[in-house]
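The values are calculated or read from the model by the stated rules, or taken from the named source; none is laboratory data. Please read these numbers as outputs of a predicted model, since none were measured by experiment. Cβ: placed from backbone, ideal geometry, glycine included. Neighbour counts: every protein chain shown.
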Amino acid sequence: MSTHMTYQPSILVVDDESHIQHVVSLKLRNAGYLVETAADGEEALHAIAARIPDLIVTDLQMPYLDGIGLCRALLDSPDTNEVPVIVLTARGYALGEEAVELPNVSAVLSKPFSPRAILDVVSDICQIREKAA
């Protein structure tokens with residue numbers, strides 16, 4: 001067994017639709033990422049308090065705390081204000097200007113999206129962050 005450890009970025013997938021959460025997390029795990037999941041923004045904040053991920057993929061529309069509320073909460077903390085976020089939106093649901101302008105929103109993908117597309121965006125963001133580290 002090799003003692004060389006390769007860095008595995010951790011990703012938090014936040015979506016109240018369990019099938020989307022499952023498909024996205026499965027695709028990311030199969031690509032070698034460490035994946036945790038949460039069903040809404042409040043649950044995500046609890047998961048983040050325990051372990052800050054390298055990247056967050058979140059749905060926009062969720063109960064309790066939506067994707068934009070989650071992004072704003074992350075910006076309020078110096079520990080999480082630089083964690084990049086990919087926001088998933090339902091087709092036809094326009095993101096308000098304030099959401100697009102949030103500095104931690106790295107990408108916005110419309111549902112339905114291809115799992116390959118999400119993997120490409122995640123890979124790009126993780127590579128940029130790894131180079132910057």
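Quick notes
- Among the candidates 57, 108, residue that is among the β-branched types (Val, Ile, Thr), in contact with a strand residue (DSSP E or B) (Cβ under 7 Å, 6 or more places away or on another chain) and surrounded by fewer than 20 Cβ atoms within 10 Å (Cβ to Cβ): 108
- Residue among 50, 44, 39 that alone is of a type in the set (A, V, I, L, M), surrounded by fewer than 17 Cβ atoms within 10 Å (Cβ to Cβ) and farther than 21 Å from residue 124 by Cα: 50
- Matching residues in the range 110-125 - criterion: being touching a residue at least 40 places away in the same chain (Cβ under 8 Å) and either outside any helix (DSSP H, G or I) or in contact with a Lys or Arg (Cβ under 6 Å, 6 or more places away or on another chain) (or both): 111, 115, 119
- The range 95-109 residues that are over 16 Å from residue 69 (Cβ atoms), paired with ones that are surrounded by fewer than 17 Cβ atoms within 10 Å (Cβ to Cβ) and at pLDDT 85 or above (beta carbon under 8 Å, 6 or more apart): 109/117
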